[in-house]
Amino acid sequence: MEALPARARVYVAGVAAAGLLCLLPLHVAQLVHGPQVPHVPWRALASLAVLYACCECLVRSRYLGVPNPGGTFHPVLLAAAFLLPPSAAALVALPGALLTPVEQRPFLARRIWRAGQLTLAVWAASRAHQAAGGRDAVAAGDVPAALGAVGASVLVFCLVLTLLDHGIVALTAGVPLRRGSLNSRPATWRRLFLRSLAPVTVHGLAGLMMALLWRSPYGPVTALLVLLPMYVSWWAFAQYHRERAAHQATIRALVQAVDIKDGYTRGHSERVGQASTMIARELGMDDERIEMLRFAGILHDVGKLGVPTRLLTKNGPLTPEERRVIELHPEYGHEMVRGISFLGEARAAVLHHHERLDGSGYPYGLAGGQIPESARVVAVADAFDAMTSTRSYSRARPVPVALEELQRCAGGHFDPRMVEALVRAIGRAGWHPAVTAEEVRPPDLPAPVPAPDLDAPYPAGSVTDQPRARR
């Protein structure tokens, strides 16, 4: 646990201790009644525990797919919650959580965390199921009555997992608990809860089928049949995540190449992706479009790979010919990404993010509604980060000043909807960029002569009329 911050270690230890407390009633019953505790079905407990551990080892095998750190075979755990008393159901999760492989350090802390988290979630789900009368409904084979109890159990199970995950991520990342993050993007616990509710509900229904078959005259063996379609669906889901991981790796490689070539703006791509995501969320776009706009923001300057490095790092003013060469970078970028089908509308944003609403932009001079919506989002995010980042040729402006400048230029150069969406999003959540470009500039490097900014999205005579060449 030494790799975790101190407060995260305390949090993990607290969750593990709470998980052990959930098991105490079972231990007390064992001491009082001896080895043969009449009200605990030990055979079912042992069978489900072994089954869960085997399933976890199977799906975490490197030959079968991508592991799911949250526990892949929730149907087995939920079936235990529907069949066993709370303390016995919680014990089912323990062997699988402690014994299955862990791929990242710290290994011990991750095993302890997984065991404590799953133990608490299964115990709480079993308690909710019992309180809703689900135990009697399952024993009687009353499916309609059992469904209501399963719904309550799934809600509690999902809520416990979400809140515990939110807490550990917030403590590990060092951000306020009210914000948290998922895959480095701000997310509230409510969003995490809603995102995980649908798959956990499916797992709950599968667990109910297992429990009903387990109690049926056909016995526990038939309950195993439920796992076959679950494994097939998991395998398909794992392939989706493999493809998604490949997409992320492709984007990371492109962004790293741009950052290496133009070190003065390192981190700019990620921040534009973050700002684009904030705008998209504020506009109420669905998750798929939000992801596409994040890709668009991250990749908007990938065309710099086609621009000579001497122009990107030039300290003096650019000549008209040099300016025209750099203005080709949106087209270079579009050529690079147009064959990557998963990027969708992000490709149009790469090509058109320097177009202006009044038609004075480049590369094609599009105006108004001719400019794709994705490009209008990225244009605002790009200009905002350029103003709020310290470069070798300009100092960062305060966020309120940058937002005022965007609002002043809205309608001429920027889409007012996108500007106001960014203003609202930052007003509510603030602006917390993870990287600053100034970190990469050697402290003893003399300040270069400011060069004109080809990306200047501001009208002549404004306070921002001195363009910045490298953005």
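Listing for the model above:
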item: Complete set of residues in the stretch 336-363 that are assigned to a helix (DSSP H, G or I), open to solvent by 10 Å² or more (accessible area, probe 1.4 Å) and in contact with a helix residue (DSSP H, G or I) (Cβ under 8 Å, 6 or more places away or on another chain); result: 336, 342, 347, 348, 351, 352
item: Count of the stretch 115-124 residues which are surrounded by 24 or more Cβ atoms within 10 Å (Cβ to Cβ) and either farther than 13 Å from residue 160 by Cα or β-branched (Val, Ile, Thr) (or both); result: 2
item: Yes/no for residue 161 being modelled with pLDDT of 90 or more, part of a helix (DSSP H, G or I) and within 30 Å of residue 41 (Cα to Cα); result: yes
item: Residue list for the stretch 278-317, restricted to those being among the polar types (S, T, N, Q) and under 13 Å from residue 260 (Cα atoms); result: 309, 313
item: Pair list, Cβ < 9 Å and 6+ apart or interchain, from the stretch 358-386 residues that are under 17 Å from residue 431 (Cα atoms) and free of Cβ contacts under 8 Å to residues at least 60 places away in the same chain to residues that are open to solvent by 10 Å² or more (accessible area, probe 1.4 Å) and part of a helix (DSSP H, G or I); result: none
item: Hey, residue 313 within 15 Å of residue 272 (Cα to Cα), out of contact with any strand residue (DSSP E or B) (no Cβ under 8 Å at 6 or more places or on another chain) and of a type in the set (Ser, Thr, Tyr) or not; result: no
item: Residue ID - nearest to residue 81 (Cα to Cα), chosen from residues in the stretch 215-231 that are assigned to a helix (DSSP H, G or I) and open to solvent by less than 40 Å² (accessible area, probe 1.4 Å); result: 223
item: Scope the stretch 316-335; condition open to solvent by 40 Å² or more (accessible area, probe 1.4 Å) and not acidic (Asp, Glu); matching residues; result: 317, 319, 320, 323, 324, 325, 328, 332, 334
item: Complete set of residues in the stretch 364-385 that are open to solvent by 10 Å² or more (accessible area, probe 1.4 Å), of a type outside the set (A, V, I, L, M, F, W, C) and in a helix (DSSP H, G or I); result: 368, 369, 370, 373, 376
item: Matching residues, the stretch 301-321, being modelled with pLDDT of 85 or more and part of a helix (DSSP H, G or I); result: 302, 303, 304, 305, 306, 320, 321
item: From the options 59, 66, 12, residue that is among the β-branched types (Val, Ile, Thr), within 25 Å of the chain's Cα centre (by Cα) and at pLDDT 85 or above; result: 12
item: Count of residues meeting criterion [more than 29 Å from residue 132 (Cα to Cα) and at pLDDT 90 or above] in the stretch 83-99; result: 0
item: Qualifying residue in the stretch 235-253 (condition: on the phi > 0 side of the Ramachandran plot, open to solvent by less than 20 Å² (accessible area, probe 1.4 Å) and either modelled with pLDDT of 80 or more or of a type outside the set (D, E, K, R) (or both)); result: no
item: Only listed residue being of a type in the set (A, V, I, L, M, F, W, C) and at pLDDT 85 or above, chosen from 122, 102; result: 122
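The values are calculated or read from the model by the stated rules, or taken from the named source; none is laboratory data. What you are looking at is a predicted structure, and each value in this text was computed from that prediction instead of being measured. Note that we place each Cβ from the backbone using ideal geometry, even for glycine, and neighbour counts take in every protein chain shown. For accessibility, only protein heavy atoms count, side chains too; no ligands or nucleic acids. Shrake-Rupley method; radii C 1.70, N 1.55, O 1.52, S 1.80 Å.
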